[in-house]
Amino acid sequence: MRPLALLAACLLALPSRAAPNDGLQLYGGTGFGYDDNLLRAPEGSAAFPGPRSDRWWQREAGLLFDQTYGRQRLSLVAKLSRYNFDRFRQLDYNGKDLQATWFWQLGNRLAGKTGMLQEQVLASYTDMQSDQRNLRHRRARFAEGAWRFHPSWQARAGVRRDTYRYELSAQRFNDRTEDAAEIGVDYLPASGSTLGLVARRLEGRYPYPRTGGPAASGDFTQDELKARVLWRAGGATSVDALVGYTRREQPSYGSGRASGPMGRIDASYQPRGKVSYSAAVWRDFAPFESPEVSYTLNDGASVGARWDASAKIRIDAGAAYIRRHYAVRTGSLGLESSRDAIRTRSLAATWSPKPSLQVKATLAHEARSGAEVLRSAAIRSNSMSVSASAQF
């Protein structure tokens, strides 16, 4: 911990040349972390030789740019990071986070945003039993706009493409491209709330078939019709909801079709005091990284609280529960639909001695129950991390 403490002391000694609202800022930071089950080995099993725990160091540098030119706003993020592990050194990797967004406005009635995202991170080991490095490369392109054809009404449309690629050859069946398109209309009352309707179509393409059984494509189409509600219930409470009906067709899994009511509701309560609260519930399809399963139907809920202990110290606490329902590949013998659950808890403290400096400490716990369909056992993990960062 000495290098981290030394860095934090050095950051405090530096002058704050740039405020958070300045157009161009340089970013730098470092962090230390520990996990007692880094590769998510099952309970009571020696999946990998030696101890399960490991420590890692993170270094990160980049630039942030956010500037408004008349009615046009340009936002850029470019960060490079390096992760080094003490024991599982084969996992060492370079991370990337590149983002560019143009928030555009034409006249008084047309506005939207266009941009791209590119990132490189270490894929999760929660559902993958391996001690090899598996980097996930993600690239996204998007464009959306809204036409305010009436003081109280607007029409919206958008398109997006997300591409995922995995470094580990044994996981390349998770490579995919997802294309989404949506249209909608919103009613905008004077209260600041929003009530709208959105229709969305999502198409997924998997270039490589899954192995370990009958070869099958993971290609799918998903259609959604949902109501969008943003309700400002006074100055302290807000509710953001996107709920409706979803239908998914994926011929190689289960019956080939799944449908039902789905969506997400987020609520926040921010009284005048120092404590604020948040909660969310959701039900939706999600991709899954397994030879036998391509997606899950998730039921989830989360709660959180934030305490502004002082002008420079903030405490955040949260917990989440996700129940995942599986549909296995058609033709997989001896396997039936099953489910498991993931529980997470976290506690974080953030100290900001200056507007551009931040020191953060986090404790986290993750637990997953076993799933018969995947022949997997329960896992548990406890982790901690400390980081320091600065913007100049």
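As a test of the formula, what do you get for the chain when each DSSP H run with n ≥ 4 contributes -39,500 (n - 2.57) and the sum is divided by the residue count, at 222 nm and rounded to the nearest 500 deg cm²/dmol? Don't skip to the answer; put the middle values down first.
Numbers: 1 runs with 12 residues, N = 392.
Calculated mean residue ellipticity at 222 nm is -1000 deg cm²/dmol.
Considering Cα pairs under 8 angstrom that are at least six residues apart, work out the relative contact order of the chain and quote it in whole percent. RCO, the chain: 13 percent. Site pair residue 86 and residue 264 shows an inter-label distance of 3.6 nm when each label is modelled 7 Å from Cα along Cα→Cβ. On full extension, the segment bounded by residue 177 and residue 239 gains 19.1 nm, given 0.36 nm per residue less the C-alpha separation. Under 5 Å from the amide H of residue 295 lie the amide H atoms of 288, 327, each residue being 5 or more positions distant or on a separate chain, with H modelled from the backbone and absent for Pro and chain starts.
Placing +1 on the Cβ of every Lys and Arg and -1 on the Cβ of every Asp and Glu, with nothing else charged, gives the chain a dipole about its Cα centre of roughly 780 debye. Label 7 Å along Cα→Cβ of residue 280; the range 170-198 residues with amide nitrogen under 18 Å? Those under the cut-off are none; the list is empty.
Here the extension length gained between residue 191 and residue 32 equals 52.6 nm, from 0.36 nm per residue of separation less the Cα-Cα distance.
Toward the positive end of the charge dipole of the range 2-391, with +1 on the Cβ of Lys and Arg and -1 on the Cβ of Asp and Glu, the farthest Cα among 250, 315, 63 is that of 63. Taking all Cα pairs closer than 8 Å and separated by 6 or more residues, the relative contact order of the range 76-221 comes to 14 percent. Spin-label pair residue 99-residue 221: with each label point 7 Å from Cα along the Cα-Cβ axis, the two points sit 3.3 nm from one another. Per-residue 3J(HN,Hα) values for the range 108-116, derived from phi via the Karplus relation 6.51 cos²θ - 1.76 cosθ + 1.60 with θ = phi - 60°, read 9, 10, 10, 7, x, 8, 9, x, 8 Hz in sequence order (x marks Gly and Pro).
If R0 is taken as 25 Å, the Cβ-Cβ distance between residue 131 and residue 344 corresponds to a FRET efficiency of 0.65. Measuring between alpha carbons in the structure, the pairs from 274/360; 113/312; 113/354 lying more than 30 angstrom apart are 113/312; 113/354.
Karplus-based coupling profile of the range 133-149, in residue order and whole Hz: 5, 9, 7, 10, 9, 10, 10, 10, 10, 8, 8, 8, x, 9, 10, 8, 7, with θ = phi - 60° in 6.51 cos²θ - 1.76 cosθ + 1.60 and x standing for Gly or Pro. Segment residue 114..residue 71, full-extension length gain: 14.0 nm, with 0.36 nm per residue of separation and the alpha-carbon distance subtracted.
The Cα center of the range 119-177 and the Cα center of the range 21-93 differ in position by 18 Å.
Counting other Cβ atoms within 10 Å as a rough exposure proxy, the listed residues 243, 275 run 275, 243 from fewest neighbours to most.
Within a straight-line Cα-Cα reach of under 18 Å, residue 96 can be paired with the following lysines, leaving aside sequence neighbours fewer than 8 residues apart in one chain: 79.
Read the figures in this text as sums done on the coordinates, not as results from a lab. The structure displayed is predicted, hence computed values, not measured ones. Cβ atoms come from the backbone with ideal geometry, glycine included; neighbour counts cover every protein chain shown.
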